[in-house]
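The values are calculated or read from the model by the stated rules, or taken from the named source; none is laboratory data. Remember, it's a predicted structure, so these values are computed and weren't measured experimentally. When we count neighbours, we look across all protein chains shown, and the Cβ atoms used for this are built from the backbone with ideal geometry, even at glycine. The area values use the complete protein model at the heavy-atom level, side chains included, leaving out ligands, DNA and RNA. Shrake-Rupley method; radii C 1.70, N 1.55, O 1.52, S 1.80 Å.
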Amino acid sequence: SILENIARQYMHVDNIKRANDCVLNKLDEIAGYFNISNLRHTSSDGQKYNIDGCSLNASAWYKYHGTGKGVSSYIFLDDRFAHFYATVISSSEREACYVLDGMMHNHIVKSDIHSTDTHGFTEAVFGLMHMMGITFAPRLKNLSDQILYGFKSTKANEDDFITPKKYLNIDLIKQNWDDILRFSATIKLRYASSSQLFKRLNSYSKQHTLYKALKEFGKISKTLFILKYADDLEFRQSIEKQLNRGENSNKFSKAVAFGNNQEIMFEEKEEQEVAENCRQLIKNTIILWNYLYLVKMLQSNDQTMAQYALATLKKGNVLAWKHILFHGEYDLSRENTHDDFGLADPKIMAWIYTGFRGP
């Protein structure tokens, strides 16, 4: 009865996000001791799930859902494996519209560089990311097919990759510059989400002039990014490494959602958002526990344990769950929720359950 009351009265999206923020604040405090990176590199990726029922938020996609329908769970995480934002969208929607939502609508993680796959890329996103002060670094499929742009027409050889093939329409950017600033300020000040604004611009029968200007402005950032991507090996490796973290996170999500054949049982979008944010809360709690346990191992007198912790941190493999007994029994009572790590905040330990096995 207590669990039913909690589910009905407290398990709503805003409350779960606040709980996630509590865990992320503690994770930020613990991970800060390791000086993982001066720049915060984040990424986002979608994961398809089948829907058990009829949902207006779901859509058909034979490649992923067969004859059924499904949704896409779009998650954001940083280089410390902190999952700071998640939303559930239709499988047929373009992920690029939601990239800026994760950047602007979280209060914990401030991104310096953000990476996605090709589904999260558009030239308009390049332009808006620049306006937000974030370096957009996607992994583009068939990079050699992308067009480079210059400020004036130039003669280029067909075999020359780095010479611009087309030139920018600067007059279009100048004529719509005030609207571009207003559009960016609306997103920056969180008056409206970027996904809502993009849907509005895409609803016209003909492409809106502001959207054309945003794309034209974004071509500048895209061209500079491609040149840096082709020239800087470490930059390419950092993008690949961060996106691999996202792939590992998707495997982690599958491990957490082991019941009901890994299908989402809810039909309403709000309930789907609750389910996904609950999953993020569980993942962040386990990652926080891993950090705490590694700190405890580093402080141990046993040199073998300390060396193991250092090796784990060098590999950056904090995202591990083999030591978690997902199929066990969970006791969340106060008398059995021990503060083994000396945390001062009881709100955090209230979410850390006791079904763990040693590494």
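Observations
- Per atom type, the chain shows carbon and sulfur on 50% of its accessible surface, probed at 1.4 Å.
- Calculated FRET efficiency, K165 to N244, Cβ-Cβ distance, R0 = 22 Å: about 0.10 to the nearest 0.05.
- Listed by chain and number, the aspartates and glutamates whose C-alpha is less than 16 Å from the C-alpha of K48, apart from same-chain residues fewer than 8 away, are E93, E95, D117, E247, E263, E267, E273, E276.
- Amide H within-cut-off set for T42, under 5 Å, with H built and near neighbours excluded: D112, I113, H114, S115
- Charged-residue dipole, Cβ positions (Lys, Arg, Asp, Glu), the chain about Cα centre, Debye nearest 20: 900 debye
- Kirkwood-type radius of region 177-283, with distances r between different C-alpha atoms, in Å: 17.9 Å
- One decimal place: the segment N38-S333 gains 102.3 nm when fully extended, by the rule 0.36 nm per residue minus the C-alpha distance.
- Dividing the alpha-carbon radius of gyration of region 264-303 by the rule-of-thumb value 2.2 N^0.38 Å gives 1.87.
- Angstrom value of the Kirkwood radius, inverse mean 1/r, which spans all Cα pairs in region 6-58: 15.0 Å
- Each residue of region 269-280 is assigned a 3J(HN,Hα), and the resulting list reads 4, 4, 5, 5, 5, 4, 4, 5, 5, 5, 5, 4 Hz, derived from the Karplus form 6.51 cos²θ - 1.76 cosθ + 1.60 (θ = phi - 60°), x at Gly and Pro.
- Under 18 Å from the Cα of K110 - lysines, other chains or at least 8 residues apart: K17, K26, K188
- Solvent exposure of the chain as accessible area per residue, Å², 1.4 Å probe: 55 Å²
- Our note on the geometry: Cα centres of region 265-304 and region 158-209, 38 Å apart.
- Relative contact order of the chain: 20 percent, from C-alpha pairs under 8 Å at least 6 residues apart in sequence.
- Beta bridges per DSSP with both ends in the chain, % antiparallel, nearest 5: 70 percent
- Taking all protein chains together and a 1.4 Å probe, the residues S194, S203 rank S203, S194 from largest to smallest accessible area.
- Phi angles across region 113-129 convert, under the Karplus curve 6.51 cos²θ - 1.76 cosθ + 1.60 with θ = phi - 60°, into 3J(HN,Hα) values of 10, 10, 10, 9, 8, 5, 5, x, 10, 9, 5, 5, 5, 4, x, 5, 4 Hz, Gly and Pro given as x.
- Convex hull projection area averaged over all views, region 1-155, Cα basis, nm²: 13.6 nm²
- The K254 and A185 beta-carbon pair, evaluated with R₀ = 41 Å, returns a calculated FRET efficiency of approximately 0.55.
- Tail fraction, Cα-Cα pairs, the chain, threshold 32 Å, whole percent: 39 percent
- With DNA, RNA and ligands ignored, accessible area of I2 (1.4 Å probe; Å², nearest 10): 120 Å²
- Across region 135-145, computed HN-Hα scalar couplings (Karplus, 6.51 cos²θ - 1.76 cosθ + 1.60, θ = phi - 60°) run 7, 8, 9, x, 9, 8, 6, 6, 4, 5, 7 Hz from first to last residue, x flagging Gly and Pro.
- Among the listed pairs K165/K212; K63/K241; K141/K165, a Cα-Cα separation exceeding 24 Å is found for K63/K241.
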